[in-house]
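I have placed the structure first, in the form of structure tokens, so that the comments after it can refer back to it.
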Amino acid sequence: MKTIKPAFLLLVLANCAFSQDNPQTLKLSLQEVISRSRANNKTILASKMEEQATLEEFKDAKASVLPTISSAGSYQRFTKLTLYTEGLSQSQSMPRKPGPDGAELNLSANFNLYAGGRNRSLTLEQQYRSSLSQVQTQETSGNIALQSAAQYLELIRLSAQHKLIADQLKRAATRLKNINALYQNQKVTKSDVLRAEVMLSNAQLAMQQTQNDERIATDRLGVLLDLPPGSRPEATDSLGADSLSLSEISQLQGDAPNSSFAVRKTAEGLKIQQARIKSVRSAYYPSISLFSAYGISYPNTIFVPPVDQAYSIGFVGLKVQYNLSALYHNKHKVSAEEKRLRGLELQKEALADNALQEAESLGIKYLESSQRILTIQKQISQAAQNYRIVSAKYFNQLALLTDLLDADNLYQESLYSLVQAKASRQLLIYRLKYTSGKL
């Protein structure tokens, strides 16, 4: 029993060490990956912070219509008063009347009644900036979701490619074993053995490259999802899990000119520019404000001579101001802002055209990918049958090794093409959604 315990402890420690080195695997579907990226990605979180900041600026602009209230207080201690006669040759000093002390405490308020709509225009501008920030956050979120989907699909593609290369390795190893047997019986030359070994080495190298690519794709996806250290994502979906109908493609294409992120951002920019024009035009109008103040002072300097007493006094008034120079200074500013507005309108039209063209192109490519998948599936069946025929001919000394290797490469490339076509078609779905502003 004493000899069993140390061995048991060593086994437990070994298991603990292995579990620490072995990263935690998170099995995730594509939709779970997109949801996690939206919730955890640091770029999206930074964009949301900027969105909250613009919202606070909008609230601050709304609060600017409230009265401006200020208070001030001061205390002074005066020196004796020095009086000069006959230039600076004769002087005498006397205390300041009624005393050397002085103090003030004031409270003032100013309320803007009318300024040509300037405050309302500035508030609307900040409101539209807040809306623009929301669209930018949605665009950032959609972009990260698209990147996450691309990395996830790349991970699935590499996993499928891994399995294909593993099958190719088995075929190459079996083929080399059989060719060696033929060589031992002097039915083939040494060159056939060497070429078979080269094919096996190439398959082994392809397997190593695929494993490295899988690791890189896993790390990139982990960064997009902001996974904790020691965690790695693992794909649970298969290629071709998503699809779009013709009506869904047409709907996304029709929505693209209005709902794409670029067009929506430009639309908010147009609103901002329109509010800015109103703000600039407000200089043509007078401003009217209500102001008042109340204060306590010591000594009483209203009377002459000053009286040794404190006093309080206040007032309320109405102020009207009009900048006459705005009649000739402001017209160029208004003209410049109106030209910028026209430029934004043209930019929006161009972006809408580009979004529609991009969405239509992606729709065409999606349908093309669907047709390509059907064609490749037929090619795989034909390539597999061709490989079996050529393989049988070669081992019956009716075909060359070159024919057998070409048949194997054709079969393997057909399998690769199918995996790539399925991954590309599925990615086109998310690209189309992102282009249409629906991701």
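The values are calculated or read from the model by the stated rules, or taken from the named source; none is laboratory data. For clarity, every value in this text was computed on a predicted model and none was experimentally measured. When we count neighbours, we look across all protein chains shown, and the Cβ atoms used for this are built from the backbone with ideal geometry, even at glycine.
Would you please name the residue that is nearest to residue 288 (Cα to Cα), looking only at residues in region 28-77 that are among the acidic types (Asp, Glu), surrounded by 12 or more Cβ atoms within 10 Å (Cβ to Cβ) and touching a residue at least 24 places away in the same chain (Cβ under 8 Å)?
My answer is 57.
Go through 404, 410, 439 for me and flag whichever is touching a residue at least 24 places away in the same chain (Cβ under 8 Å) and not in a helix (DSSP H, G or I).
Being touching a residue at least 24 places away in the same chain (Cβ under 8 Å) and not in a helix (DSSP H, G or I) holds for just one of 404, 410, 439, which is 439.
Only one residue in 35, 74 is at pLDDT 90 or above, assigned to a helix (DSSP H, G or I) and either more than 30 Å from residue 237 (Cβ to Cβ) or out of contact with any His (no Cβ under 9 Å at 6 or more places or on another chain) (or both). Which one?
35
Taking residue 369, is it of a type in the set (S, T, N, Q) and touching a helix residue (DSSP H, G or I) at 6+ places or on another chain (Cβ under 9 Å)?
Spelling it out, residue 369 is indeed of a type in the set (S, T, N, Q) and touching a helix residue (DSSP H, G or I) at 6+ places or on another chain (Cβ under 9 Å).
Looking at region 270-318, which of the residues that are in contact with a Ser or Thr (Cβ under 7 Å, 6 or more places away or on another chain) and assigned by TED's automatic domain parsing to the domain that holds residue 124 is surrounded by the fewest Cβ atoms within 10 Å (Cβ to Cβ)?
So the residue we want is 278.
Regarding region 324-336, can at least one residue be identified that is out of contact with any Asp or Glu (no Cβ under 8 Å at 6 or more places or on another chain), in the same structural domain as residue 276 (by TED's automatic domain parsing), crowded, with 16+ Cβ neighbours inside 10 Å and under 25 Å from residue 438 (Cα atoms)?
Checked against the condition, which is being out of contact with any Asp or Glu (no Cβ under 8 Å at 6 or more places or on another chain), in the same structural domain as residue 276 (by TED's automatic domain parsing), crowded, with 16+ Cβ neighbours inside 10 Å and under 25 Å from residue 438 (Cα atoms), region 324-336 yields no hits at all.
Tell me the residue from 316, 280 that is without any contact (Cβ under 8 Å) to a residue 40 or more places away in the chain and either of a type outside the set (S, T, N, Q) or farther than 30 Å from residue 131 by Cα (or both), please.
316
The conditions are (1) touching a residue at least 12 places away in the same chain (Cβ under 8 Å); (2) touching a Lys or Arg at 6+ places or on another chain (Cβ under 8 Å); (3) among the hydroxyl-bearing types (Ser, Thr, Tyr), and residue 159 fails exactly one of them. Which is it?
Among (1) touching a residue at least 12 places away in the same chain (Cβ under 8 Å); (2) touching a Lys or Arg at 6+ places or on another chain (Cβ under 8 Å); (3) among the hydroxyl-bearing types (Ser, Thr, Tyr), residue 159 violates only (2).
Considering every residue within region 382-397, establish whether at least one is crowded, with 20+ Cβ neighbours inside 10 Å, of a type in the set (A, V, I, L, M, F, W, C) and within 30 Å of residue 138 (Cα to Cα).
no
Being more than 30 Å from residue 182 (Cβ to Cβ) and in contact with a Pro (Cβ under 8 Å, 6 or more places away or on another chain) is true for just one of 336, 352. Which residue is that?
It is 352.
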